[in-house]
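What follows draws every value from the coordinates through simple rules; no lab data is involved. Not measured: the values here are computed from a predicted model. Because the Cβ atoms are built from the backbone with ideal geometry, glycine has one as well, and the counts that use them run over all protein chains shown.
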Amino acid sequence: MHLSYSFSRYKEKKYKSYAIAESYREGKKVKKRTIWSIGKLTDRQADQIRLILKVVQSEDEVVTRLKDIVVKDSKAYLDIAIVNELWNSWQLDQAFDFEISNSPLSTPLMAKILTINRCTDPCSHYSVPKWAKQNALAKVLNMDLSGLNDDKIYYELDKIHQNHFSIENYLFKQTYLNSETTYFE
């Protein structure tokens with residue numbers, strides 16, 4: 001079934017008339033039979049009827065009202081994505097230059113995860129793995145965070161601390177360069 005239409009003229013005015021029709025085959029020819037004549041419709045009404053016909057013909061389609069949709073679960077995303085983008089735009093991974101672990105959860109990545117946590121939903125280092133499972137952090141970072149646990153965090157915290165002078169120097173240089181370009185452009 002589909003929504004078909006035809007045009008007619010009356011006193012030099014053109015009218016569009018709708019009907020619900022279905023195609024069928026007679027021999028080798030495809031023909032159309034009108035099931036229900038509807039008449040004049042607005043574009044919105046025609047779109048609604050097309051949607052209804054699509055739902056009727058497909059088991060995968062469902063019609064519902066917006067007020068009937070209930071969110072049962074949600075994950076924080078936007079705030080995490082913003083902090084991640086700030087980290088990336090400042091290229092803070094480059095601030096680490098002393099004894100960096102090269103595992104999938106590297107020292108700069110662990111620092112990024114801890115920074116995102118502090119900026120969005122601060123919790124203890126012990127609780128960070130649980131926090132990471134309750135939000136969209138893995139999706140934002142596009143990484144598997146299954147290796148994230150409190151032992152890994154405490155191991156990397158020592159490495160982050162060993163890099164604190166290089167992090168401070170890097171941030172100073174970035175701030176100085178950004179302020180210099182802002183004031184002298």
- Item | Calculated Rg and Dmax of the stretch 78-184 using C-alpha coordinates, Å | 14.4, 47
- Message: Taking the alpha-carbon distance from K11 and a cut-off under 26 Å, which lysines remain once sequence neighbours fewer than 8 residues away in the same chain are dropped?
- Response: K40
- Item | Where Rh is the Kirkwood radius over Cα pairs, Rg/Rh for the stretch 1-114 | 1.40
- Message: Run the numbers for V71 and E99: contour at 0.36 nm per residue of separation, minus the present Cα-Cα distance, in nm.
- Response: 5.6 nm
- Note on the structure: P(r) over all Cα-Cα pairs of the stretch 106-154, 10 Å bins from 0 to the longest distance, whole percent per bin, short to long, reads 26, 68, 6
- Query: Between K173 and K13, what is the label-to-label distance in nm when each label sits 7 Å out along the Cα-to-Cβ direction?
  - Reply: 7.6 nm
- Can you flag which of K75/K152; K72/K130; K72/K112; K28/K54; K13/K54; K32/K54 are past 21 Å Cα-Cα? K75/K152; K72/K112; K28/K54; K13/K54
- Message: With Kirkwood's inverse mean 1/r over C-alpha pairs for Rh, give me the Rg to Rh ratio of the stretch 2-68, two decimals please.
- Response: 1.08
